[in-house]
Amino acid sequence: MGVSIRGGTPLRDEEFRAVIKEIDSPRARYSMAAGIAYSRFLEGLKRGEILGTYCPSCRLVHIPPKIYCPYCFKHLTRWVRASDEGRVVTAVVSYLSATLETLEKPEIIGIIRLDVPGHRFSSYRFPGILHRICGASEDDVKTQRIFDARVKARWLPEDKRTGSINDIECFEVIWG
């Protein structure tokens, strides 16, 4: 099967190739600077800390951090440290790696609502992080048992950290 036209009938490969004369897979090389907020966030991860920025106007903590609040557009200068614990908001079972290769063992990926001492948040605006979850099974996701479960970051040893989101190996479920 070739390309599907939204709302229409999928084209067969030969029909697709009859219309498209050239198919190319460009290899784009690029470089990107992390910027002020992400650089400080990544430096914190290397030290075993999860950092965010606080908006006093909206009373929100942004993780990953932002320099400007996306809701009120105020400049953010106050940094806060979040706990490396939280709750699973949602999760999926992934059978593909980030490079789209089939995984031998599926991974559980989820959004973690992080605890930030001294701050409370609504159910839809909260400091969170998308990451791997360990200590849970496919069935825990399918039955929704994983939802709202407590988790704690499992950090790489200090000498192995590089200032990457992968300095957190995964968030381990605290079944209880």
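Can you put 75, 119 in order, fewest other beta carbons within 10 Å first? Walk me through the intermediate numbers first.
On the way: 75 10, 119 15.
So the residues, fewest neighbours to most, are 75, 119.
Just to be sure I understand the model, the point goes 7 Å from the Cα along the line to the Cβ. What's the resulting residue 19 to residue 93 distance in nm?
A separation of 3.6 nm, rounded to one decimal place.
Pairs of Cα atoms under 8 Å, at least six residues apart: use those to get the relative contact order of the chain, whole percent.
19 percent
From Cα pairs below 8 angstrom and at least 6 apart in sequence, can you work out the relative contact order of region 65-111, rounded to a whole percent?
28 percent
Test of understanding: ordering 126, 16, 171 by Cβ neighbours within 10 Å, fewest first, what list do you get?
16, 126, 171
For mean projected area of the Cα convex hull in nm², one of (1) 21.4; (2) 13.8; (3) 15.1 was computed from the structure I shared and the rest are decoys. Which label?
Checked against the structure: label (3).
Read the figures in this text as sums done on the coordinates, not as results from a lab. This one's a predicted model, so the numbers in the text were calculated from it and none came from an experiment. Don't worry about glycine lacking a Cβ; one is built from the backbone with ideal geometry, like all the others, and counts go over all protein chains shown.
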